Each structure stands twice: as structure tokens, then as C-alpha cells.
1. So which of PRO47, PRO94 ends up being modelled with pLDDT of 95 or more, in the same structural domain as SER34 (by TED's automatic domain parsing) and more than 15 Å from PHE28 (Cβ to Cβ)?
2. Looking at the stretch 135-181, which of the residues that are in contact with an Asp or Glu (Cβ under 7 Å, 6 or more places away or on another chain) and polar (S, T, N, Q) is farthest from GLN120 (Cα to Cα)?
3. Have a look at ASP9, ASP38 and point out the one that is surrounded by 13 or more Cβ atoms within 10 Å (Cβ to Cβ), of a type in the set (Asp, Glu) and either not in a loop (DSSP other than H, G, I, E, B) or not assigned by TED's automatic domain parsing to the domain that holds SER132 (or both).
4. If I go through the stretch 150-162 residue by residue, how many of them are outside any loop (DSSP other than H, G, I, E, B) and free of Cβ contacts under 8 Å to residues at least 12 places away in the same chain?
5. Please specify each residue of the stretch 122-149 satisfying the condition of being free of Cβ contacts under 8 Å to residues at least 40 places away in the same chain, in a helix (DSSP H, G or I) and under 18 Å from LEU54 (Cα atoms).
6. Out of all the residues in the stretch 9-46, which are touching a helix residue (DSSP H, G or I) at 6+ places or on another chain (Cβ under 7 Å), farther than 25 Å from SER99 by Cβ and of a type in the set (Val, Ile, Thr)?
7. When the stretch 109-144 is examined, which residues are found to be of a type in the set (A, V, I, L, M) and under 12 Å from TYR169 (Cα atoms)?
8. Can you tell me how many residues in the stretch 167-198 are modelled with pLDDT under 90, outside any loop (DSSP other than H, G, I, E, B) and of a type in the set (A, V, I, L, M, F, W, C)?
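The values are calculated or read from the model by the stated rules, or taken from the named source; none is laboratory data. Keep in mind it's a predicted model, so treat the numbers as computed, not measured. Neighbour counts are summed over all protein chains in view; Cβ atoms, including those assigned to glycine, are modelled from backbone coordinates with ideal geometry.
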Amino acid sequence: MDNRTIKIDALRELDIQLRRKNETYTIFKFKKNSVEFDVFFDIGTVPYNLGFLLLKSNFQLWIDVVNGYLVNYILDTPTYYKLCDILELKNSDPNNKFSPFKFFSEFNGKIPKTLPIITQKQRHSIIPKVFSNIEEAEKIYYYKMIDWDNTTVKKKRSAENLEKTRYYYPELYERIKDKNITVQYTHIEDNENCYWCT
């Protein structure tokens, strides 16, 4: 650990629980100075990803989480001052100066000890915000699967399609991730006929 990193060791328990449930990410709330963030913790990437999404805003802060649950707390200048504004901290006031190190220290102490339950409604509202380049972003509801190995068409499932399924339907993703299956999506909600949508 060098002098630019801080250990967010409370993420370890979430990491363990995600692996036990065969899931790759979780979403939870974090409040600082009455400002609320949705936090997106993704262990399906290398390195892990940690995102702070300000509610009712397009502001996002993304941090890599490397081995040992270490993050670099040094922020670039625009991000630093934007966070100061968001948290209503006056950087010129020595008694109220924003410290990224203290921000992440406080965050570490407020990470939930158990995995929150994420509803499909939350996934549908948060995922498009997190991944603006997601495949067919307007289509978020499960429609059907195509098993290319059982068709006359010789085609390969795309990595983008599998990644979209990982975010929207983690249980389905876990069952098809090693198969040549494409999940088709629609913009029409039909939960009555979709086991994966519950």
C-alpha cells in the first residue's frame, strides 16, 4: 500500500457473499452530508469497479479496486471540485475542507455487512445510467433465448449480449455464461410470462 491508496476492507464481505450467490455485482446506498449516492460494486471486472452515482444527476465517480481492496483516493482536479460542490463543502474553509481520504474512510464504515436485495425495477433504472453504451439500450425486458448450437445457423453469441444479461438477469447469466446462447430483449414488459424477470 502506498501513500495514494486506502484500503476499503469492508468490501471484502460483500465480495465473499457475491461469490457465494454466484453474482457479480451489488448496488447499495451511501449518504454523505445529506447527499445520497447509489453505489455500484462490480466484481465481474478486472480490476473490480466501484461507482458512485449521484441521485437525480448525471454525476458519476468510478474507482478501480485492486488486490487487497485498495483504491487510489487521489482525484483529478475537476472531480475533486465537483465533489466539493455536491457535498456543499467549502475547500477554502480549513474547518470544512474536503478530504478524499476521509470521504473513502467514512464510506468504508458505512458499507452494508450483508448484500442488499436488488429488485428488477432497480436494475432497469440504474443499469442504463451506469452503462450508457449497453447493447440495444431501449430494450430491457427478457424476450427469449436462442441456442445457436441447436440451430442450422452457425452463429456466435456476442460478448455485449452476455454482458447485458449479466447486468439485467444475473441468475440467467450464471446458467448460460458458458453456452452459445443469445438472450433477446424487448421494450415491452411481460413479467407474467418471464421466470427470470421476478
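1. PRO47
2. ASN180
3. ASP38 is the lone residue from the list that is surrounded by 13 or more Cβ atoms within 10 Å (Cβ to Cβ), of a type in the set (Asp, Glu) and either not in a loop (DSSP other than H, G, I, E, B) or not assigned by TED's automatic domain parsing to the domain that holds SER132 (or both).
4. 2
5. SER125, PRO128 - these are the residues of the stretch 122-149 that are free of Cβ contacts under 8 Å to residues at least 40 places away in the same chain, in a helix (DSSP H, G or I) and under 18 Å from LEU54 (Cα atoms).
6. THR24, THR26, ILE27, ILE43 - these are the residues of the stretch 9-46 that are touching a helix residue (DSSP H, G or I) at 6+ places or on another chain (Cβ under 7 Å), farther than 25 Å from SER99 by Cβ and of a type in the set (Val, Ile, Thr).
7. ILE118, ILE127, ILE140 - these are the residues of the stretch 109-144 that are of a type in the set (A, V, I, L, M) and under 12 Å from TYR169 (Cα atoms).
8. Of the residues in the stretch 167-198, 2 are modelled with pLDDT under 90, outside any loop (DSSP other than H, G, I, E, B) and of a type in the set (A, V, I, L, M, F, W, C).
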